[in-house]
Amino acid sequence: DVMLVLLIMLIITIPIQMHSVKMNLPVDNPPPPSAPPPVVQVNVNADGSLTWNGAPVKVGADLERHMAGVAAQPQQAEIHLLPDRLAAYRDVAAVLAAAQREGATKIGLVGNERYVQ
């Protein structure tokens, strides 16, 4: 009985630990953009060839020049990457790597809903 009373007194006297994280949250929502950003369509074909808005582009310096142009804009264009179902992963990864190297941050894979069965 004495041990039970001591245990209860110990539990009552222990201070409750308060874990809090201080965060500086934004006060207000930012205004929405006045115009939607431009969109660039990059297609990766089954044979590994690329098209940039319908125009053929070579993997390497030509692709990186295009990515650098997008990254240099004050409002970056959205890059919609549309790989063919039979395209090799290395070809798609090469486009993603070129975008990362040149600083293009708005890139996304589109058209994947076609492959859902």
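Where a number appears in this text, it was derived from the coordinates with a stated rule and is not lab data. Not measured: the values here are computed from a predicted model. Please note: Cβ atoms are built from the backbone with ideal geometry, for glycine as well, and neighbour counts cover all protein chains shown.
For the range 50-117, the alpha-carbon coordinates run over 39, 23, 21 Å along the three principal axes, in decreasing order. Antiparallel beta bridges, as assigned by DSSP with both residues in the chain, represent about 40 percent of the total such bridges. Helix 2-13 and the longest principal axis of the Cα set of the chain meet at an angle near 50°.
Rounded to the nearest 20, the Cβ-based charge dipole of the range 50-117 about its Cα centre (Lys and Arg +1, Asp and Glu -1) stands at 60 debye. Sparse packing (at most 13 other Cβ atoms within 10 Å of the Cβ) combined with a DSSP loop state is found for none of the chymotrypsin sites (Phe, Trp or Tyr not before Pro) in the range 32-117. Apply the Debye scattering formula to the chain, with a single equal point scatterer on each alpha-carbon and no solvent, then give log10 I(q)/I(0) at q = 0.09, 0.14, 0.17 Å⁻¹. The Cα Debye sum returns log10 ratios of -0.44, -0.70, -0.89.
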